[in-house]
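Structure first, commentary second.
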Amino acid sequence: MIEPTKTKPMKKYIISLLLACSTLAISAQPAGMERLYYTYKGEEGVVAFRVPGFLMKFAGMCAGLDHSERQLLRSLRSVRILTIEDQDLYSGVNFAEEVDAARMRDGYQLLLEVHEPDEDVIISARERNGKITDLIVIVGGSENTLVHVKGRMNCDLLESLSEVAGLKELRYTAEL
């Protein structure tokens, strides 16, 4: 029998991998998202993943997940992640500067914008009927990551997403 303490890291790894494999429809992306994604996708030292909704729902049926993790995976339609793993190859790149947060439209609300000397964070979302339908997290600077989540998420599910995926910036959206 597998001990519960040993399955938790594996569970986080599987969920993070599933989240990392996803993309969204190009038309649903705000200013600069499409250009940013396709500029770096496939380049050396860059990881780009797409996870479609059916795979999220399938993962939500897996045993070993607690109720909130299952509910989170079932609420997601798709996830797209782009991250630069080899920062030395892209030393001057800052995703937050490349995506103009001021020009985000199509109903997106700027939830959080933080600019520090070594890191910039932008979190933006689109809401419909009290649920978040699109969530965008852009981290630029010393680490560059773009996460675009599409689904019908309650704010409390976002806190679960931050814990499972290791995106500490998302925990602030649950408080907003």
Using a basic spin-label model with each label point 7 Å from the Cα along Cα→Cβ, how many nm lie between ARG35 and GLU143?
2.7 nm
Gain in length, GLN87 to MET61, computed as 0.36 nm per residue apart minus the alpha-carbon separation, to one decimal in nm?
5.7 nm
The ³J(HN,Hα) series, computed from each phi in segment 112-124 with the Karplus coefficients 6.51, -1.76 and 1.60 at θ = phi - 60°, rounded to the nearest Hz and given as x for glycine or proline, is 8, 9, 10, 10, 10, x, 10, 7, 10, 10, 10, 10, 9
So what are the ³J(HN,Hα) numbers for segment 134-146, from phi and the Karplus equation (6.51, -1.76, 1.60; θ = phi - 60°), rounded to whole Hz, Gly and Pro as x?
9, 9, 10, 10, 10, 10, x, x, 5, 10, 10, 9, 10
May I ask you to evaluate 6.51 cos²θ - 1.76 cosθ + 1.60, the Karplus curve with θ = phi - 60°, for each residue of segment 88-94 and list the ³J(HN,Hα) values in order in whole Hz, giving x for glycine and proline?
5, 6, 10, 5, x, 7, 9
So, in nm, how far is label ASN129 from label HIS115 when the simple model puts each one 7 Å beyond its Cα toward the Cβ?
3.8 nm
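Rule-based calculations on the coordinates, nothing more; no lab input. Here the structure is a predicted model, which is why all the values come from computation and not from measurement. A quick note on method: Cβ atoms are made from the backbone with ideal geometry, for glycine too, and the neighbour counts reach across all protein chains shown.
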